[in-house]
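Structure first, commentary second.
Derivation of every value follows stated rules applied to the coordinates shown; laboratory data play no part. Since the model is a prediction, treat every value here as computed from it, not as a measurement.
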Amino acid sequence: FPSHDMDYSTGTGGTTNKTLVSSLTAGLATNNDVRYIGCVVSNSTAQVINGNAIAILNFNSETIDTDSFHNNTTNNSRITIPTGLGGMYLIIGTATTSTTTAYNKNSILIFRNGVAAVRNDTSIGGNGVDVGMNISYLTALQAGDYIELAAFCQSFWSQNQVIGQTLSLTRIAP
């Protein structure tokens, strides 16, 4: 296999390595038995979180969406499992909050069909400190199930902002 210092975009390091990478990529793109199924969504605008309240996060951009899991306009907080694509899924969420008070305990949660399924507590953030949070969840989902990412800020003040969030869902088994 090509070495880790290979420049895959230009083929620097030898024609053989570039050909190998191209053939692997082409094989994955045309082989119906092996393909990525899922989506990755993000939000390009800040979203306000009221203090001591859970806020479902919105997503206005799709990096990849293989089977219409997400809609940027209708229920844009949701990733929904399409008909025929039930199975085991790995869900990964990230969010960064920007705090403006001296004490904040930030959390992110994954909701399944409107109910909190898993929560990740993070360390306490301070005035002007951005807090990055990550969460993952492995679960079986069926057609019609939907996943959402939420943020919570336990704060002595009124609000914080989520300044970046991403949610990905990858089918790992039927």
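Between Thr83 and Thr170, what is 0.36 nm times their sequence separation minus the Cα-Cα distance? Round to one decimal in nm. Can you show the working numbers first?
Values: separation 87, 0.36 × 87 = 31.32 nm, distance 1.55 nm.
That works out to 29.8 nm of additional length.
Mind pulling the per residue volume of the convex hull built on the Cα atoms of the range 39-118? Å³ is fine.
Working: hull volume 9.1 nm³, N = 80.
About 114 Å³ per residue, rounded to a whole number.
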